[in-house]
Protein chains: 2
Amino acid sequence: MSKSHEILFRALADPTRRAIFERLCQDGDQTVAALTARAKVSQPAVSKHLGVLKQAGLVRDRHEGRQTHYTAQPGALAPLVDWTSRMAGFWQSRFDDLEDLLKRMDQ
Amino acid sequence: MSKSHEILFRALADPTRRAIFERLCQDGDQTVAALTARAKVSQPAVSKHLGVLKQAGLVRDRHEGRQTHYTAQPGALAPLVDWTSRMAGFWQSRFDDLEDLLKRMDQ
DNA sequence: CATACACATAACTCGTTGGTTATTGATCAG
DNA sequence: CTGATCAATAACCAACGAGTTATGTGTATG
């Protein structure tokens, strides 16, 4: 449970996978064919990436006839947000000056 | 610049590297020897990881005599926060669009 | 000056992974 | 029923990445 960011970071590490996820976030529901058309890789590659994203909970699939629609689940990004704010939090707790933190975050 | 999350995701994808970064965030300044002691890998491995983290801007090094101290730079996480909120934002805006549509259909 | 120490770099191994083509399973059209 | 289409799976391969041991570079110390 405390390791849920492990699978997330791994899933989002690959650029092709991020591109697919970004597209699903921007444009919503997409069939595999539609995603493949925009991607620079073959359909099996896209399917494999979607499998990884699904495993990470980042997408959901829905079958309609002979095509499969995928949808982004941005809520699954929560553990990642938690992790980053925890890191920033550790950092912050070692400094009493909040403004100093914000300045560093700004740069 | 707009692709700075590429190197970030890649740097944070590895568990050993995240562990090192987490430790630097929690406990602050650390020498390579101190980090190696806690890590489950050899000193050269730790050095290599630190190199990657440094490349990503996540850590900074400071030389003191014959030892090197590393410090976390959590501000470098900003592009990652941007990315995640952008993904959530896309999602939210499409949700808003749907709400607008439904409102218009109502009247 | 010689030795020990801290860290970085080099050279290499090996498992993982992202890509491919070929094939299968399922569904729709004629 | 037949052929075409969409997606998933299988089988394979090349490249990459994280790990190791060995060595190099620089600094403190006797």
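The values are calculated or read from the model by the stated rules, or taken from the named source; none is laboratory data. Keep in mind the model is a prediction, meaning the values are calculated, not measured. All Cβ positions, even for glycine, are placed from backbone atoms using ideal geometry, and neighbour counts span all protein chains on display. Each accessible area value is taken on the protein alone, full model and side chains, heavy atoms only, with ligands, DNA and RNA left out. Shrake-Rupley method; radii C 1.70, N 1.55, O 1.52, S 1.80 Å.
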Using alpha carbon centers only, the range A:67-87 is separated from the range B:69-85 by a whole-angstrom value of 17
Sorted shortest first, the nm distances from the residue B:27 label point (7 Å along Cα→Cβ) to its counterparts in the other copies are 4.9
One decimal, nm, nearest first: from residue A:4 to the same residue in each other copy, label points 7 Å out along Cα→Cβ, the values are 2.9
Mean per-residue count of partner chain Cβ within 10 Å for A:10-23 equals 3
Expected integer from the mean partner chain Cβ neighbour count at 10 Å over B:83-90 is 6
Over all viewing directions the Cα convex hull of chain B casts an average projected area in nm² of 8.7
Buried accessible area between B and A, both sides, 1.4 Å probe, in Å² rounded to 100, is 2600
Label points for residue A:63 built 7 Å along Cα→Cβ; distances to same position in the other copies, nm, shortest first, come to 6.3
Reported to the nearest 10 Å², residue A:7 has, with a 1.4 Å probe, an accessible area equal to 80
Under the Karplus relation with 6.51, -1.76 and 1.60 and θ = phi - 60°, whole-Hz ³J(HN,Hα) for the range B:9-18, x at Gly and Pro, equal 4, 5, 5, 8, 5, 8, x, 4, 5, 4
To the nearest 10 degrees, the tilt of helix B:43-55 (Cα long axis) against the first principal axis of the alpha carbons of chain B is 40
